Structure formats: structure tokens, C-alpha cells
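Q: One structure, pasted below without further comment.
The values are calculated or read from the model by the stated rules, or taken from the named source; none is laboratory data. These numbers were taken from a predicted model, which means no experiment stands behind them. Cβ sites come from the backbone with ideal geometry, for glycine too, and all protein chains shown count toward neighbours.
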Amino acid sequence: MPRYFFDSSPIVKRYHREAGTDWVRRVCAPRSHPVIYLSQIAQVEVIAASRGAGRLESTHPSSFEALINQFERHITHAAYHPVPAANAVIALAAKLCSKYWDINSGPLRSLTAVHLASALLIASGSSDELIFVTADTQLATIAAFQGFRVVNPAYPPRTG
């Protein structure tokens, strides 16, 4: 059974049509029995991003309300496995910020570090592969440095 860690950007793609939406929806389809982890902070980020997209587009506000309601139902009904922003996650995120403060693309951002720390803690608890899914190029690079196979849903790997 595939195991994935999604940061906020690909989760937004599940609810709001943009590059990568089809791949995200295929992966998240219940019939494929995915295990999808995300940081607890993703709940805040996905709602904020959805509200922001609703302000920028000429779509009726009720459409974005429906998308947000669907996301909240998925959270409530365990479509995702949230990783609590516990002390261990925060401590590891702080270490990652110190480690990656001077990379070419700029320092690792705080909430991005929380996503990566959450994934690292999940990965350390199992020998099964955890695929890291992000559309953030800086985060993708650092996640690869940390040993993850990384997928950008806008440019998914070809299958078959």
C-alpha cells in the first residue's frame, strides 16, 4: 500500500483545479487505498490558500465554501493522517532551519520546516517508503537531500 506525505500545496490541488490536480485526485482516490500523511498545520494552510484563491478568481464564493467543506470532511473522516505539531516535530523543524539556513534558494522557511520534520518523523517510524509530495521546489530539493523520493504533482512520474 503506497504511503505519501503531502505538504499543503498538493492537498490544495485536490480541491482546486490547477496543474497537478488529476495526479493528486488519482493518488487520493479511496479505491487505491493510499495512506496520506500531512502536518497538522496543513489544515490551516489549505483553508487559507483556498480562501485566497477564492478572492483572486471570479468564481462564486459558494464554490470555495463547498471545497473547504469537502476538505474538512476528509480531515474528519480520516482520509488523511495528520501528524501533530508536537514538541518533537517543532524541535526537529528548528534543527532543519539551522541546517538549511544558507542554501542557494534562501533559508528554509519555518512552516516548510514543520512539514519536512513531520515527514521525517513518520519515515523514521517505518521501513516502508514514504513518498514526499510537494510543488515547492525548495522543499523538494531539501526533502531529496533528506533521502525522500519526491514527486511534484504538476510533473508526476510517468507510469506504464
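Q: How many residues does region 94-135 hold that are of a type in the set (S, T, N, Q), touching a strand residue (DSSP E or B) at 6+ places or on another chain (Cβ under 8 Å) and surrounded by 13 or more Cβ atoms within 10 Å (Cβ to Cβ)?
A: Final tally of qualifying residues: 2.
Q: Take D22 and decide whether it is modelled with pLDDT under 85 and over 15 Å from the mean Cα position of the chain (by Cα).
A: no
Q: Counting just the residues of region 10-26 that are part of a helix (DSSP H, G or I) and either in contact with a Lys or Arg (Cβ under 9 Å, 6 or more places away or on another chain) or without any contact (Cβ under 8 Å) to a residue 24 or more places away in the chain (or both), which one comes out surrounded by the fewest Cβ atoms within 10 Å (Cβ to Cβ)?
A: D22
Q: Show the residue pairs that are 6+ apart or on different chains and have beta-carbon atoms under 6 Å apart, the first residue being within region 97-114 and more than 18 Å from V83 (Cβ to Cβ), the second being of a type in the set (S, T, N, Q).
A: S105/Q138
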